[in-house]
Amino acid sequence: MLVRECALCKKNKSLQNSHIYPKFLIRLCRVKDCNNKFIFMSDSNDIKIPPQDGPKVYLLCEECEGRFSKHECKYAGFFNNQLECVYSISEDLVLIKDFDYKSIRLFLLSILWRLSVTSIPNFKIELNNVDQEILRKALLSNNPLEPHEFPIATSRLHFDGESNNGLILSPKENKETVDVVIGGILYSFSKFRLDSQNLINYPLGKDKWYAKLVNVRDIKWLMNAIYNIDEI
Ligand SMILES: [Zn+2]
C-alpha cells in the first residue's frame with residue numbers, strides 16, 4: 001500500500017494506481033472494429049511504445065478516484081448516446097445540445113489537470129502553478145468553471161469521411177494549447193483562463209457545444225503521428 005499525498009485533496013492517504021486517460025475510453029478504443037490504435041508520440045525520439053492498458057500513475061486516493069469516475073461514467077453515457085443530440089450546422093460543423101455542461105467539463109478538465117500533475121514522460125504538460133491550483137480546487141469542489149476558463153475546442157476526426165473511435169494519442173503540447181485525441185475526438189484545451197470579454201461564443205459553451213468535423217489528412221502533425229508508427 002502506497003501512502004502519500006493525494007494530488008487532488010492533498011490528504012495523506014493510500015493512493016490508487018490511476019489512469020491518466022480514463023479507462024473506459026481505453027476499453028472503448030480496444031473494441032475490434034476500431035483498429036485498436038493507441039499511439040504514443042514523443043518529441044525526444046521516434047520510439048512509440050504500445051501500452052497494454054494505458055498509462056497509469058499513483059496520483060489519487062480512493063475518494064478522489066471515485067469523484068473522477070462519476071464524471072467519467074456520465075461522459076461515457078453521453079458518448080454512447082450523443083447522436084441523438086447532434087445537429088448538423090454545415091458540412092464541417094455540428095452543434096451538440098442537451099448535454100450536461102457540468103459533467104462534460106469536469107470530465108475534460110480532469111484530463112487536463114491529470115496531464116499537468118503526472119510525471120509520465122510524453123504525457124506531462126506544463127501549466128503555471130496558479131492555473132494548476134485553480135483547476136485542482138475547481139475539480140475538488142465539482143466546479144466546472146466558466147466556458148472561457150480553460151476553454152475547450154472539439155473536432156470530430158475522420159479519415160476521408162470514415163470515423164475511427166479507436167484513435168488515442170498522447171498529448172501534443174503547444175505554447176498556449178494542449179491537443180488531446182481520445183476516442184477519435186481531438187480536444188484542444190487552452191492552458192489559460194481567457195478574458196470573457198474577448199470571446200463571446202466558446203466552442204464548448206453552457207448550452208451550445210460546437211464541434212468541427214475535420215479530416216485527419218488536413219492536420220499535418222496528426223498524419224505524421226498516425227502514419228509514422230508501427231500499428232499494434
Ligand atoms: Zn484525494
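The values are calculated or read from the model by the stated rules, or taken from the named source; none is laboratory data. As the structure is a prediction and not an experimental result, all values here were calculated from the model. With ideal geometry, Cβ positions are generated from the backbone for all residues, glycine too; neighbour counts draw on all protein chains shown.
Would it be correct to say that Ser170 is hydroxyl-bearing (Ser, Thr, Tyr), within 22 Å of Cys73 (Cα to Cα) and touching a His at 6+ places or on another chain (Cβ under 7 Å)?
Numbers: hydroxyl-bearing (Ser, Thr, Tyr): yes; within 22 Å of Cys73 (Cα to Cα): yes; touching a His at 6+ places or on another chain (Cβ under 7 Å): no.
It is false that Ser170 is hydroxyl-bearing (Ser, Thr, Tyr), within 22 Å of Cys73 (Cα to Cα) and touching a His at 6+ places or on another chain (Cβ under 7 Å).
Okay, residues lined up against (1) among the polar types (S, T, N, Q); (2) modelled with pLDDT of 90 or more; (3) closer than 27 Å to Asn128 by Cβ; (4) crowded, with 16+ Cβ neighbours inside 10 Å:
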| site | (1), (2), (3), (4) |
| --- | --- |
| Ser155 | yes, yes, yes, yes |
| Phe159 | no, no, no, no |
| Glu162 | no, no, no, no |
| Asn174 | yes, yes, yes, no |
| Leu186 | no, yes, yes, yes |
| Phe189 | no, yes, yes, yes |
| Ile200 | no, no, yes, no |
| Leu213 | no, yes, no, yes |
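Scan the stretch 49-67 and report the pairs whose first residue is over 11 Å from Thr118 (Cα atoms) and among the hydrophobic types (A, V, I, L, M, F, W, C) and whose second residue is at pLDDT 75 or above and more than 16 Å from the ligand (Cβ to nearest atom), with Cβ atoms within less than 9 Å and a gap of 6+ or a chain change.
Ile49/Asn122
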